[in-house]
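Presented below is the structure to which this report refers.
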Amino acid sequence: MEMSVSDLLQALSEIGLPPTEIDLLSREAEFTQRRGGKIDVGSFLAVLFRESVCCAPSFNDLAIKLDTEAGIFVSKQAIAQRVDTSCLNLLKAILAKVLLSKFSQKKKQAYHSCSTFKRVLVQDSTVIRLPKRLFEKFSGVRNAYSTVCNARIQAVYDLIAEEFTYFSIDTYSKNDIKAAPDLEIFKGDFTLRDRGYISYDEMERHVKIGAHTIYRHKKCHTYLYPDTEEEIDLLEVLQTKGHIDMEVLLNNDSKTRMRLVATPVSEELANIRRMKLKKESSSKKPSAKLLQLMSWTIYITTVLDLSITFDNIFAMYELRWRIETIFKSWKSCLSFSKLHNVSEIQLRVIITARLTVISIIHRFIYAPASQRIFQYYGRRLSLVKLTRYLT
């Protein structure tokens, strides 16, 4: 991003992080300027933020940029001494401040179909490849021929406020189903996540809190009739009725009450789904019953209000594409997957710095610009094009 150190410091000040606040956070994180030291905290952070979304900066890169951009001459060894746990703690504190800060304008509902909910939270994860030296810390895939180390980044985005609410940098072995309970939800929230996060416990948690969710049907899940608690033969009901919109019970201890909706799809789409299923199930041939179920789109949801139709549910679930667009902007425009042979602390510092810049872009650039364009032109601003323009 072609911004000077002074520009970035001004941007931090405008979002509620003036030099005095940064100094306070620095002292709390024990990332304070050493006696006789030359590295100014504000300038260091500004250079780190900018370089992190342009490349994977080395200690030498940061030292050079501090010299050319801020007139601070330090060695790469001095930078290496500062990029430690205290630096990471400072970045986490700044990211938390950015996530909690409020956009000055009153936020309007981003999507009409979601207007009855307080927050519409879209959660997903993206995987980035790491240096092999970090395999013991982050895990990955290893066989007799190769070793691949990965990390999994979880992100939660509020579609109504157009802002991020949560990030985590996890080991590859912490998959989506393990990360699902980490999402903090409140009464009136609506969550959108793919099947990787679905479990009986998660659906029951939403019901108890008073939040709502929608999931695509998962083949391993069974449902019961509310009156008899007998298992529902899903394929038989679909073949008989064609469509489904009924209350069911989950096959768990609490017999959680949910709503099951299903509608047929075109034969062309059904065949595409069958081909994909066979490809993904190369080790085990899918059953004939499962292949037949590909002729329907099936959702399970906590929304029992019948005034919210299948079309409404389908439209809300389709909003999940927003998180995919967000990840695309990260990887295509912000060098998110670019990393050199970094240590664990370097990795977490670089990724946290990138997430901070991403949060600033969304909250203080994309959200107001998107609202203005929608207000005057009735169109939505392309996140990928905006990010590409900024970089």
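Data table
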quantity	calculated
All positions within the range 238-270 that are part of a helix (DSSP H, G or I) and surrounded by fewer than 14 Cβ atoms within 10 Å (Cβ to Cβ)	Gln239, Thr240, Lys241, Glu267, Glu268, Leu269
Ile345 being open to solvent by less than 60 Å² (accessible area, probe 1.4 Å), modelled with pLDDT of 90 or more and under 18 Å from the mean Cα position of the chain (by Cα)	no
Contacts under 6 angstrom Cβ, first residue in the range 343-357 being over 12 Å from Val83 (Cα atoms), partner outside any helix (DSSP H, G or I), 6 or more apart	Ile351/Ile169; Arg354/Val53; Leu355/Phe167; Val357/Val53
Residue list for the range 351-379, filter: open to solvent by 30 Å² or more (accessible area, probe 1.4 Å) and of a type in the set (D, E, K, R)	Arg372, Arg379
Filter pass, Ile360 being farther than 18 Å from Ala155 by Cα, β-branched (Val, Ile, Thr) and in contact (Cβ under 8 Å) with a residue 24 or more places away in the chain	no
Output for the range 303-334, where each listed residue is open to solvent by 10 Å² or more (accessible area, probe 1.4 Å), hydroxyl-bearing (Ser, Thr, Tyr) and in contact with a helix residue (DSSP H, G or I) (Cβ under 8 Å, 6 or more places away or on another chain)	Thr325, Ser332
Elements of type helices (runs of 4 or more DSSP H) in the range 1-97, at least 1 residues being at pLDDT 85 or above, over 23 Å from Ile365 (Cβ atoms) and of a type in the set (Asp, Glu)	59-70
Candidate set from the range 218-234 (those that are in contact (Cβ under 8 Å) with a residue 60 or more places away in the chain and not in a loop (DSSP other than H, G, I, E, B)); member that is nearest to Leu249 (Cα to Cα)	Tyr223
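Residue by residue, here is whether (1) open to solvent by 20 Å² or more (accessible area, probe 1.4 Å); (2) in contact with a Lys or Arg (Cβ under 9 Å, 6 or more places away or on another chain) holds:
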{"residue": "Arg119", "(1), (2)": "yes, no"}
{"residue": "Asp124", "(1), (2)": "no, yes"}
{"residue": "Val127", "(1), (2)": "yes, yes"}
{"residue": "Lys132", "(1), (2)": "yes, no"}
{"residue": "Phe138", "(1), (2)": "no, yes"}
{"residue": "Arg152", "(1), (2)": "yes, yes"}
{"residue": "Tyr166", "(1), (2)": "yes, no"}
{"residue": "Thr171", "(1), (2)": "yes, yes"}
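The values are calculated or read from the model by the stated rules, or taken from the named source; none is laboratory data. All values reported here derive from a predicted model rather than from experimental measurement. Glycine also receives a Cβ, built like all others from the backbone with ideal geometry; neighbour counts cover every protein chain displayed. Keep in mind that these areas ignore ligands, DNA and RNA; they rest on the heavy atoms of the full protein, side chains included. Shrake-Rupley method; radii C 1.70, N 1.55, O 1.52, S 1.80 Å.
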